[in-house]
Amino acid sequence: RGSCYSEGAIYMKKYKKIPYVGSVMTPFPYFVDTDDEVAEVERLMGEHQIHHVPVQQNGRVVGIVSERDLYHLGDRFLPITDRARIRAREIMADDPYIVAFDTPLNKVALEMAKRHAGSAIVLHHEKLAGILSATDICRILAEIFESEFSPGSEDDVA
């Protein structure tokens, strides 16, 4: 279900102020419904190399499933028939970190660090608009470093 994560890097432009999360998030993330089987979550993660899948019910975000949630599911070698009975709602975290599209990126990154959250779900007009992962933040930070700091000599001190 859902649309697709954009492929490739998001290239940062020079900002005069801190960007909003909506300008650097991965738009249109894949998602599942609360009644979808865990196998669908696993398929999305594997096929698209993602680590977090928002869970929706009636068009509203109600949770998130992370790779860690799947790991803690227990016996990953359950027969397919047993796994088919497990639904996204049964393993999702029902308290995902959700932010508005126009939240400043620094506030989101700081809160993710405080919560030890691997991602933030981004809503625009109360609808799923995107996702920002810790990996996205690392990539953005590297892009900022590259754009702001020129390569130094070996004599430079960090």
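The values are calculated or read from the model by the stated rules, or taken from the named source; none is laboratory data. As the structure is a prediction and not an experimental result, all values here were calculated from the model. Backbone-built Cβ (ideal geometry, glycine too); neighbour counts: all protein chains shown. The protein model used for the area step is the full one, side chains on, heavy atoms only, and it has no ligands, DNA or RNA in it. Shrake-Rupley method; radii C 1.70, N 1.55, O 1.52, S 1.80 Å.
Return the residues of the stretch 1-17 that are surrounded by fewer than 11 Cβ atoms within 10 Å (Cβ to Cβ) and either at pLDDT 95 or above or not basic (Lys, Arg) (or both); say none if nothing qualifies.
Across the stretch 1-17, the qualifying residues are Glu7, Gly8, Tyr11.
When Gly130 is evaluated against the numbered criteria (1) out of contact with any Ser or Thr (no Cβ under 7 Å at 6 or more places or on another chain); (2) of a type outside the set (A, V, I, L, M, F, W, C); (3) open to solvent by less than 40 Å² (accessible area, probe 1.4 Å); (4) within 20 Å of Tyr30 (Cβ to Cβ), which criterion, by number, is the only one it fails?
Of the numbered conditions (1) out of contact with any Ser or Thr (no Cβ under 7 Å at 6 or more places or on another chain); (2) of a type outside the set (A, V, I, L, M, F, W, C); (3) open to solvent by less than 40 Å² (accessible area, probe 1.4 Å); (4) within 20 Å of Tyr30 (Cβ to Cβ), the odd one out for Gly130 is (1).
Just need a number here: residues in the stretch 25-67 that are part of a strand (DSSP E or B) and either buried (at least 16 other Cβ atoms within 10 Å of the Cβ) or in contact (Cβ under 8 Å) with a residue 40 or more places away in the chain (or both).
Looking only at that region, the number is 18.
Take Ala117 and tell me if it is assigned to a helix (DSSP H, G or I), in contact (Cβ under 8 Å) with a residue 12 or more places away in the chain and touching a helix residue (DSSP H, G or I) at 6+ places or on another chain (Cβ under 9 Å).
Answer is no for this residue.
Matching residues to (1) of a type in the set (Lys, Arg); (2) at pLDDT below 95; (3) surrounded by fewer than 14 Cβ atoms within 10 Å (Cβ to Cβ):
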| position | (1), (2), (3) |
| --- | --- |
| Asp69 | no, yes, no |
| Leu78 | no, yes, no |
| Arg83 | yes, yes, no |
| Ile98 | no, no, no |
| Phe101 | no, no, no |
| Leu110 | no, no, yes |
| Leu123 | no, no, no |
| Glu126 | no, yes, yes |
